[in-house]
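Please read the structure below before turning to the comments.
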Protein chains: 2
Amino acid sequence: MPSIKLVSLMVLASLATGQAWSQTALMKQAQGLFKPIPANAPPLAGNAATPAKVELGKMLYFEPRLSESHAISCNSCHMVGMGGVDLQETSLGHRWQHGGRNAPTVYNAVFDVAQFWDGRAKDLEQQAGGPLVNPVEMDTTEAHVVEQLKGIPGYAAVFAKAYPAVPDPITFDNVRKAIALFEATLTTPNAPFDRYLKGDEKALDANQQEGLALFINKGCAACHNGINVGGGMYAPFGVVERPGADILPPGDKGRFAVTKTVSDEYVFRVPSLRNIALTAPYFHTGKVWDLRQAVAIMGSSQLGAKLSDEEVGKIEVFLGALTGDQPKVALPILPPSVATTPRPKP
Amino acid sequence: MPSIKLVSLMVLASLATGQAWSQTALMKQAQGLFKPIPANAPPLAGNAATPAKVELGKMLYFEPRLSESHAISCNSCHMVGMGGVDLQETSLGHRWQHGGRNAPTVYNAVFDVAQFWDGRAKDLEQQAGGPLVNPVEMDTTEAHVVEQLKGIPGYAAVFAKAYPAVPDPITFDNVRKAIALFEATLTTPNAPFDRYLKGDEKALDANQQEGLALFINKGCAACHNGINVGGGMYAPFGVVERPGADILPPGDKGRFAVTKTVSDEYVFRVPSLRNIALTAPYFHTGKVWDLRQAVAIMGSSQLGAKLSDEEVGKIEVFLGALTGDQPKVALPILPPSVATTPRPKP
């Protein structure tokens, strides 16, 4: 069997001459490297979904009263309807403080190997608790989240419906679990690339197929693979050539802060490229706003390859085929505060 | 024909004895003072609605890139799903600055005589432009709104669909018009009080009917009347007795700033009491979080009446019957930024 690289070169060469067999070979190669996004939300381990839990999770996701200021919700930085991101270099949090890294998209996050750029949360449930208590994000405490929700009378029935037969269901743990279940519904199936992976050769046009072949051949798919075209592993940023300090500032050593292992310096979770055309700016610093520039930087920093403008353009066109059906979400109607509800501290 | 006050006293007296004719008299009196919220969005003068315009307006209402920071949208302070407000004393705007007054609800605002606490905008269309260019709110400019939207390629088709046959439809005026049309859909029909006004005596229970009779008899309905149970006229705050400086600070002279007329000092638009149970805190300063306290203050400051705890309680119960069906809104899917899109200045 020829190497991945050789097959890709053959594919590239033959795409130019339009041979059908090569199209089939490219598809088979892609099907070995990537998987389509399933139509339905995947199950979460130890956190069985019910419609009532998902509805509660949606309410909490949009609930600004979970923050100390009552002005910031999960949706403030991971906006449903806007690629699951905030289109900021780094997010604005409590008292207009900036977060340390670019906010990753919530869309398809359920398929990532771990959460945050450094993978410090093992799953959505662990992640959901992080921004709540981060002083530069929502700046509350686990105890106050519970106190706040217990202080909004309408939540009692919503939690009771989500966690029936549980005597005291308003807990921080249940808050995180419900939010994670809602987030797991925020997937974007049916991208052109998904339809292609399912066997529809026409789902990608010739340029997109050439971009896909380049994406595989140049080595991008060595890290960006699987269901999320990324999100499945860790890799050092600047493995071949370090980008400038604006893009990779020396002060943020990535996963090293989690593992304290020298080999994890400047290691980050490989980001998913799903919906990447919707989620500028790029990289953990959010310093790159142009997808073409991001592709070119990846070529030099990760692959030691100087990609031509034409190659970058074709890869960008392929990346556009990773935009799937965006989640359609009806805004939840949140229960009112009453005179005794804990008040914001903006 | 007996005076309003006399009828109310008769109603009050007879409610205690449970006579049916008095219930009918109360309903007739209420029907003369108030109107139910219609099922459908009312038309706007000079701004004919189409589904495409309303959809565009919804997108713009949720569009954070209309603000200088790209972090604040109309919905940040007038939250759909949370009473149309932000539950803050005064709103948090650009760079965490506080607005000057409590954010009024967007729900049913279409029925108000004018917009803002001081009525400085004659309608929703004029209002919509205000926060966009206010330095403590969204801090942009009319020109930049247009530049920003033209810099997001996906909006071209959305504006073209909303304003067909218009050569250059992305204008500040069309932005305001579309937002106003969406806002006009944010009404809350079918409150218990609406059903009562339409003839269903059982829509209000005995306590609520007693509260309604008190509301009329004590004089509240002299200002809080019409479709919005308020919102239809201006009145001085503290007409009988000035509340404390925390609630009515001397520096904010209300409508005087608009008309420069001495008699308009400390005059404000009478707020609608629709959904009032959902929209704490109260008054233009947002200093009062307890609806009962707000009712008591109104009694002393506007009516010179010391309402008993029981009376305040019954009026509060009646006010609860002003909560209608909350708008159900599907979040719009916003078009992506591209490399050339103007970037946020947080």
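Of all residues in segment A:214-249, those that are open to solvent by 40 Å² or more (accessible area, probe 1.4 Å), within 20 Å of A:Leu197 (Cβ to Cβ) and either modelled with pLDDT under 95 or not in a loop (DSSP other than H, G, I, E, B) (or both) total 1. Look at (1) within 14 Å of another protein chain (Cβ to nearest Cβ); (2) buried (at least 24 other Cβ atoms within 10 Å of the Cβ); (3) assigned to a loop (DSSP other than H, G, I, E, B) and you find that A:Glu89 fails only one, number (2). Inclusion of B:Ala20 among residues that are over 23 Å from B:Thr187 (Cβ atoms) and either of a type in the set (Val, Ile, Thr) or at pLDDT below 95 (or both) is warranted. With respect to the conditions (1) more than 14 Å from every other protein chain (Cβ to nearest Cβ); (2) touching a Leu at 6+ places or on another chain (Cβ under 9 Å), A:Asp264 falls short on a single one, namely (2). Summed over segment A:47-86, the residues that are free of Cβ contacts under 8 Å to residues at least 40 places away in the same chain and more than 13 Å from chain B (Cβ to nearest Cβ) give a count of 2. So, in segment A:33-60, how many residues would count as being assigned to a loop (DSSP other than H, G, I, E, B), aliphatic (A, V, I, L, M) and open to solvent by less than 40 Å² (accessible area, probe 1.4 Å)? Count: 1.
Do we have A:Lys5 as open to solvent by 60 Å² or more (accessible area, probe 1.4 Å) and at pLDDT 95 or above here? Answer is no for this residue.
Taking segment A:92-102, which residues are at the interface with chain B (Cβ under 7 Å from one of its Cβ atoms) and either buried (at least 24 other Cβ atoms within 10 Å of the Cβ) or over 20 Å from A:Lys287 (Cα atoms) (or both)? Within segment A:92-102, A:Leu92, A:Arg95 meet the criteria.
Of all residues in segment B:103-117, those satisfying the criterion of being away from chain A (no Cβ under 13 Å) and in contact with a Ser or Thr (Cβ under 9 Å, 6 or more places away or on another chain) are B:Pro104, B:Asn108, B:Ala109, B:Val110, B:Phe111, B:Asp112.
Only one of the numbered conditions (1) in contact (Cβ under 8 Å) with a residue 12 or more places away in the chain; (2) away from every other protein chain (no Cβ under 14 Å) is not met by B:Pro346, and that is (2).
A quick yes/no check of all residues on (1) within 11 Å of chain A (Cβ to nearest Cβ); (2) touching an Asp or Glu at 6+ places or on another chain (Cβ under 9 Å); (3) open to solvent by less than 20 Å² (accessible area, probe 1.4 Å); (4) of a type in the set (A, V, I, L, M):
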residue	(1), (2), (3), (4)
B:His284	no, yes, yes, no
B:Asp290	yes, no, no, no
B:Met298	no, no, no, yes
B:Ser301	no, yes, yes, no
B:Asp309	no, no, no, no
B:Val312	no, no, yes, yes
B:Gln326	yes, no, no, no
B:Pro335	yes, no, yes, no
B:Val338	yes, yes, no, yes
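Among the residues of segment A:112-123, just one is outside any loop (DSSP other than H, G, I, E, B) and either over 19 Å from A:Val258 (Cα atoms) or not aliphatic (A, V, I, L, M) (or both), namely A:Gln115.
The values are calculated or read from the model by the stated rules, or taken from the named source; none is laboratory data. These figures come from a predicted structure and were not determined experimentally. Note that each Cβ is placed from the backbone with ideal geometry, even for glycine, and that neighbours are counted across all protein chains shown. Heads up: the accessible areas ignore ligands, DNA and RNA and are worked out on the full protein's heavy atoms, side chains in. Shrake-Rupley method; radii C 1.70, N 1.55, O 1.52, S 1.80 Å.
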